[in-house]
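Asker: My questions will all concern the structure given below.
Taken together, the values in this text are just the output of simple stated rules run on the coordinates, not laboratory data. In this text the structure is predicted, and so the values were computed from the model without any measurement. Every residue, glycine as well, gets a Cβ built from its backbone with ideal geometry; the counts of neighbours run over all protein chains shown.
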Amino acid sequence: MGALEALRARPGVGYMVASAFFFSVMSAFVKAAGERLPSQEIVLARALIALVLCAALLWRAGVPPWGRRRGLLLLRGAFGFLGLLCVFYSLTQLPIAEATVIQYLHPIFTALLAAAFLGERAGAALLAGVATSLLGVLAVARPAGVGSLDGSLALPPVALLAALGGAFFSGCAYVVVRKLAATEHPLVIVLYFPLVAAPASLPAVWPVFVMPRGVEWLLLLGVGIAAQLGQVALTKGLRHEPAGRATALAYLQVVFAALWGTSFFGEVPDVWTWLGAFLILAGTLFALRDGRSRQA
């Protein structure tokens, strides 16, 4: 009863845990589907499901779908598409825990891009966070000459760059969303991701298309549904919890990802992965502290 009472008193905590869980499930479905299906095809499926769900929510809310600042909205959609393309590719090529850890660099990229393009001052804490997070990436990547304790090789460089690209483009998307938040309805901002991603995926999917079969249809559906549930839980969690605490709770996704990787894909994270996760989390918290100190 103590735990249940605590969750009732702090519902945002429960929502953030649920968000981390559903996003980790989405990653596991992507990895499972990616054993045979191209990652571009999984991106297309994710976009199509999101497009249907977003259109239904807009219709139900009676909100005009096209928005006011369409150029920025299209840019938001383009960044979201590029980020997802990179993230899904990295999930199919890297151990799920490592891919998830590197994706969580996006708050660092968001802070740096906001300083460059939105005029938000970069303080000492942000710079310390960047340096700490870069050390975390080096630990996860296990560059040549380091290796892991079990003798495995460094991570594939192309997949590693894709994971970093996913974090970077996610940061770009968040900065544009911050710019749009003053004039656009949240549902409209969300809509423009699948509105851009669905047609943009087609040229990449066409040459490599593989017809899904059997359980793969369910995996693709699961990717879309789990992502939507994670997004809803994240939105509700941010209404109840400060951004700093919410971001820290979101790192539970790394724990869930490690659990799925160990249980279903035979991927056991080593000490370098956990060290990298710790350093990236610490770097993110430094960056968030920098933001809070400027707002005080």
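Asker: Evaluate E = 1/(1 + (r/R0)^6) for Ala282 and Val255, where r is the Cβ-Cβ distance and R0 equals 22 Å; express this FRET efficiency to the nearest 0.05.
Answerer: 0.85
Asker: Using a Förster distance of 45 Å, how high is the FRET efficiency between Thr262 and Arg68, based on the Cβ-Cβ distance and rounded to 0.05?
Answerer: 0.45
Asker: Arranged by the count of other C-beta atoms within 10 angstrom, fewest first, what order do Ile189, Ile49, Ile225, Ile42 take?
Answerer: In order of increasing Cβ crowding within 10 Å: Ile225, Ile49, Ile189, Ile42.
Asker: Find the relative contact order for region 21-125 and round it to a whole percent, using C-alpha pairs within less than 8 Å whose residues are 6+ positions apart.
Answerer: 33
Asker: Averaged across orientations, what area in nm² does the convex hull of the alpha carbons in region 68-136 project?
Answerer: Across all orientations, region 68-136 yields a mean hull projection of 5.8 nm².
Asker: Using 0.36 nm times the number of residues separating Leu275 and Arg178, minus their current alpha carbon distance, what extension gain do you get?
Answerer: Result for the pair: 31.8 nm of gain on full extension.
Asker: Provide the FRET efficiency to the nearest 0.05 for the Val52-Ala128 pair, computing r from the beta carbons and using R0 = 51 Å.
Answerer: 0.70
Asker: Give a quick list of GluC sites (Glu not before Pro) in region 23-121 that DSSP marks as loop, anything other than H, G, I, E or B, with at most 15 other Cβ atoms within 10 Å.
Answerer: Listed in order of number, the matching sites are Glu35.
Asker: List Ser170, Ser90 from most exposed to least, where exposure is judged by having the fewest other Cβ atoms within 10 Å.
Answerer: In order of increasing Cβ crowding within 10 Å: Ser170, Ser90.
Asker: Divide the volume of the convex hull of the Cα atoms of region 11-295 by its number of residues and quote the answer in cubic angstrom per residue.
Answerer: 131
Asker: A follow-up question, please. Phe117 to Leu135: extension gain in nm, 0.36 nm per residue of separation minus the Cα-Cα distance?
Answerer: Here the segment from Phe117 to Leu135 would lengthen by 4.0 nm.
Asker: Over region 11-295, calculate the relative contact order: mean separation of alpha carbon pairs under 8 Å at least 6 apart, over the residue count, as a percent.
Answerer: Across region 11-295, relative contact order equals 44 percent.
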